[in-house]
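Here's the structure we're looking at; comments come further down.
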Amino acid sequence: MAQIILSDENCEGQADLLFRELARLGFVDMLGLELKTLSQVGLRKGIDDEAIWRYCQENHCLLLTGNRTTKDGIKSLEYTIQHLVTATSLPVLTISNLKRIAPDPVYRERCAIGLAEIVMELEERHLGVTRLYPPYQFIGGIVTMAHPATGKWPRVQLIFTCHQCNVTVKFSIYYGESTVWANQSAAKLAEWARHEGHESTLHYEFYDGRERLATE
Ligand SMILES: [Zn+2]
């Protein structure tokens, strides 16, 4: 079955470039990916976020969008997904920095690989997740490599500091997992992403974790 990626109005050009990258890497054929615009699936221009989100859920499409905030209030995509998400909802794929897709081939490739990984693991790990940020799939991997997994799940605290903007972003994840995508840390990760390319440092410290509960 084909997996349709639906490009939002704000990123049709970038979605096109990303899709070409996916094709170059062989993922379009491997995963049966199809890229469509809103108008190609019959959604009119200016349609509200909730209608787009519902369309995606009903038609098994993954919405690809740029970062949107809640500044347009109650109608925003953020509001929609936070209030309507269920355990089986499909995530919205958010490119943190749309402006880098065209000029930066390394970033473009990372986004494409991240997106492909999300599609590959969609059913196993990403349902019920509100948003995913394709280029940042690898953070868990980087952290995991530093220490082998144990029976417990150590918490890793990440502290990102941008020296240019004088901004610090701090959050925790349990290493070996990707639940960072499913909780409030996603917003902090997006904040971090906005400072990519700036002069910055990243610290991460490991703490003893508590044992995981079966329900987590
Ligand atoms: Zn910065």
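The values are calculated or read from the model by the stated rules, or taken from the named source; none is laboratory data. Please read these numbers as outputs of a predicted model, since none were measured by experiment. Backbone-built Cβ (ideal geometry, glycine too); neighbour counts: all protein chains shown.
What the table shows:
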{"item": "Unique match (being out of contact with any strand residue (DSSP E or B) (no Cβ under 7 Å at 6 or more places or on another chain), in the same structural domain as E109 (by TED's automatic domain parsing), closer than 19 Å to A116 by Cα and of a type outside the set (K, R)) among A15, A23, A2", "result": "A23"}
{"item": "Candidate set from the stretch 26-46 (those that are exposed (fewer than 14 other Cβ atoms within 10 Å of the Cβ) and not charged (D, E, K, R)); member that is farthest from the chain's Cα centre (by Cα)", "result": "G42"}
{"item": "Some residue of the stretch 36-54 being touching a residue at least 12 places away in the same chain (Cβ under 8 Å), under 30 Å from P105 (Cβ atoms), touching a helix residue (DSSP H, G or I) at 6+ places or on another chain (Cβ under 9 Å) and of a type outside the set (A, V, I, L, M)", "result": "yes"}
{"item": "Out of G141, G128, G114, G197, sole residue that is more than 16 Å from the ligand (Cβ to nearest atom), outside any helix (DSSP H, G or I) and either at pLDDT 75 or above or surrounded by fewer than 15 Cβ atoms within 10 Å (Cβ to Cβ) (or both)", "result": "G128"}
{"item": "Contacts under 6 angstrom Cβ, first residue in the stretch 162-177 being closer than 16 Å to L189 by Cα and among the basic types (K, R), partner within 16 Å of the ligand (Cβ to nearest atom) and at pLDDT below 85, 6 or more apart", "result": "K170/I159"}
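Yes/no matrix, rows are residues, columns are (1) modelled with pLDDT of 80 or more; (2) assigned to a helix (DSSP H, G or I); (3) buried (at least 18 other Cβ atoms within 10 Å of the Cβ):
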| residue | (1), (2), (3) |
| --- | --- |
| I81 | no, yes, yes |
| P135 | no, yes, yes |
| C165 | yes, no, no |
| V169 | yes, no, yes |
